Amino acid sequence: MLEGPDGPVVVVGVRGGLGHAVAGRLRARGHGVVGVARRASPGVDVVADLTDRRALAAVLADTRPSAVVVAAGVSPAECDSDPETARRVTVDAVLDLYDAADAVGCRTLVVPSTSAVYGDARRTPADETAPPAPGSRYAELKLAAEEGVAARLAAGGGVRPVALRIFNAWGPGFRRSLVTRLLASTPEAPVALAGLDSFVRDYVHGDDVAALVAAVVEAGDELPGVVNVGSGEAVSNRGLVAALGVRHELHWVEAEPVASWSCADVSLARRVLGFAPRGVADAVAADAR
């Protein structure tokens with residue numbers, strides 16, 4: 001195992017889709033993993049909430065990790081229904097984790113962010129230099145977390161934070177994904193699509209996101225503070241149902257069209273981290289094998 005003098009990797013939120021995929025990828029690569037979650041289940045080593053500052057500080061003091069991956073969080077809907085709790089989880093808890101990681105000499109803090117910080121009115125893939133245009137409380141909080149850990153580093157912190165602006169992750173455990181909902185659709189419960197051609201997204205498989213996280217954990221000291229994580233493919237709803245429909249029976253209805261466009265420029269991740277994401281069609285074919 002790679003824990004040795006560098007310590008294991010602590011994955012906070014290991015029961016969720018992202019946390020589960022990340023922990024599996026890291027273990028497969030020989031890393032020691034300490035899985036943290038709010039509830040006990042297989043793969044959970046420590047039961048603690050992301051907002052429990054003292055408990056997580058104790059976990060980090062006990063394990064002396066080389067890296068901490070924050071895979072827990074709240075949904076966009078929860079940000080609107082309970083903004084106070086959402087800020088504690090999305091911003092305050094991440095900053096507390098940075099401080100706790102810094103106190104034990106941890107090297108890397110991986111912070112999950114979102115493509116929503118770019119907004120959804122672009123017509124070309126966004127790279128990491130694109131000006132933020134958050135259009136929701138969820139995006140605003142994710143951006144605040146990014147800026148908060150960057151400020152900690154600028155003020156002399158010893159932990160390098162890497163914010164991953166994840167586009168539309170799908171696969172096992174990503175229940176809210178449009179891809180997941182289409183694959184689970186039935187004649188009695190079709191999925192409403194917001195226009196076949198006007199609604200465009202970048203869909204990245206959770207396994208590819210996990211591979212990028214592992215690459216960040218294993219990288220040297222020189223890493224960008226923000227990295228896009230997507231497939232680099234702009235897929236309309238029409239293209240999505242075509243790709244999925246090759247191997248799956250889908251049930252959907254066309255709703256009122258919504259003009260919304262979002263896609264990642266993943267050149268930085270490819271160049272710096274060797275990222276090789278798959279498009280939807282290739283990932284679906286791989287899952288079917």
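Output the relative contact order of the chain, whole-number percent, from Cα pairs under 8 angstrom with separation of 6+ residues.
Working: 608 pairs, mean separation 52.2, N = 289.
Rounded, it is 18 percent for the chain.
Approximating the spin labels as points 7 Å out from Cα along Cα→Cβ, the ASP99-to-ARG238 distance works out to 5.3 nm. Between the beta carbons of ALA55 and THR85, assuming R0 = 25 Å, the FRET efficiency works out to 0.90 to the nearest 0.05.
For ALA155 and ARG29 in the same chain, what is the full-extension length gain: residue separation times 0.36 nm, less their Cα-Cα distance, in nm?
Numbers: separation 126, 0.36 × 126 = 45.36 nm, distance 3.34 nm.
This chain segment gains 42.0 nm when fully extended.
Across all directions, the shadow cast by the convex hull of the range 1-75 built on its C-alpha atoms averages 4.6 square nanometres. Ranking VAL159, ALA285, VAL10 by Cα position along the charge dipole of the chain, where only Lys, Arg, Asp and Glu carry charges on their C-beta atoms, puts ALA285 farthest toward the positive end. Counting only DSSP H runs of at least 4 residues, each contributing -39500 (n - 2.57), and dividing by the residue count of the chain, the helix-based mean residue ellipticity at 222 nm comes to -11000 deg cm²/dmol.
Each principal axis of the Cα cloud of the range 205-269 was evaluated for its coordinate range; sorted largest first, these ranges are 49, 27, 15 Å.
Could you tell me the calculated FRET efficiency between LEU196 and ARG271, based on Cβ-Cβ distance and R0 = 41 angstrom, to the nearest 0.05? Let's see the in-between values first.
Numbers: r = 34 Å, r/R0 = 0.83.
According to the calculation, E is roughly 0.75.
Rounded to the nearest 10 degrees, the inclination of helix 53-63 to the longest alpha-carbon principal axis of the chain is 70 degrees. Per residue, the convex hull spanned by the Cα atoms of the chain amounts to 133 cubic angstrom. Sparse packing (at most 13 other Cβ atoms within 10 Å of the Cβ) combined with a DSSP loop state is found for the following GluC sites (Glu not before Pro) in the range 92-197: GLU188. For the range 82-231, the fraction of alpha-carbon pairs lying more than 21 Å apart is 52 percent, rounded to a whole number.
Extension gain, GLU188 to GLU256, is 22.5 nm, computed as 0.36 nm per intervening residue step minus the present C-alpha separation.
No lab work stands behind these numbers, since they all come straight from the coordinates. Just so we're clear, the structure is a prediction, and the values are computed from it rather than from any experiment. So basically every Cβ, Gly included, is an ideal-geometry build from the backbone, and we count neighbours across all protein chains shown.
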